[in-house]
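First up is the structure itself, then whatever we jot down about it.
The values are calculated or read from the model by the stated rules, or taken from the named source; none is laboratory data. Computed from a predicted model, the values in this text were never measured in an experiment. Cβ placement follows ideal geometry from the backbone for every residue including glycine, while neighbour counts extend to all protein chains displayed.
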Amino acid sequence: MTYNYTTSLDADVKRLRLNIIRFRYARTHDQTSLQLFKSFMLTVKKADPNLQILLIDSTKQYYTVLTSERQIEILTQTHLRLYFSPFHNSPQFSLSGYVHISTVRSLDELMSHQEVDQWLDSYQYTIQPCPSQDKEMSLVGALCFGSLFIFRKDLLKHIVAHPLWVYLNKDRESKS
């Protein structure tokens, strides 16, 4: 017997890829990236109890998404890399980077929630949707990812046989 766990909420769920950007010349603080991540996600979770923190790397989709406050609280520095991609290689005290979430609220609704807005103002961060969220960029990303599966020798044979390639490279063949 199979069960259908789909709810009416499933149709309203939005997947958001977000840039978390720290203000230039922001006040200093002593919280680590992990502490900032936990603090921010627990605050956003208050704005949307259905929020899920998705994995950054598409090749690791077999890992668990973060759905509960307890999962966020026990997150370690090692596991943080699965859910957060920093702009810089080894940030110690910054939350500037990328995060993917699944939510039933719009980004504007989340960011205008009083506690989220207060957190952003206190730590001097702003949130923007990733430019790759546009349909055009998603298509480019799909094509780039798809290029990993193209049979390259076959593609090379067709490119080298193309009349424009032959014309533009005729001098190279005569020199070698």
Looking at His100, His79, which is the one that is surrounded by 12 or more Cβ atoms within 10 Å (Cβ to Cβ), outside any strand (DSSP E or B) and modelled with pLDDT under 90?
His79
Region 26-39 residues that are under 11 Å from Gln124 (Cα atoms), paired with ones that are surrounded by fewer than 16 Cβ atoms within 10 Å (Cβ to Cβ) (beta carbon under 8 Å, 6 or more apart)
Ala26/Gln124; Arg27/Gln124; Thr28/Phe93; His29/Phe93
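Yes/no per residue for (1) out of contact with any strand residue (DSSP E or B) (no Cβ under 7 Å at 6 or more places or on another chain); (2) modelled with pLDDT of 80 or more; (3) part of a helix (DSSP H, G or I); (4) acidic (Asp, Glu):
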residue: Asp117; (1), (2), (3), (4): yes, yes, yes, yes
residue: Asp121; (1), (2), (3), (4): yes, yes, yes, yes
residue: Ile127; (1), (2), (3), (4): no, yes, no, no
residue: Cys144; (1), (2), (3), (4): yes, no, yes, no
residue: Leu148; (1), (2), (3), (4): yes, no, yes, no
residue: Lys153; (1), (2), (3), (4): yes, no, yes, no
residue: His158; (1), (2), (3), (4): yes, no, yes, no
residue: Tyr167; (1), (2), (3), (4): yes, yes, yes, no
residue: Arg172; (1), (2), (3), (4): yes, no, yes, no
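Residue-wise test of (1) in contact with a Leu (Cβ under 7 Å, 6 or more places away or on another chain); (2) closer than 19 Å to Asp12 by Cα.
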{"position": "Thr76", "(1), (2)": "no, no"}
{"position": "Arg81", "(1), (2)": "no, no"}
{"position": "Leu95", "(1), (2)": "yes, no"}
{"position": "His100", "(1), (2)": "yes, yes"}
{"position": "Ser106", "(1), (2)": "no, yes"}
{"position": "Leu110", "(1), (2)": "no, yes"}
Residues that are surrounded by 12 or more Cβ atoms within 10 Å (Cβ to Cβ), of a type in the set (Gly, Ala, Ser), modelled with pLDDT of 80 or more and under 23 Å from Ser33 (Cα atoms): does region 62-71 have at least one?
no
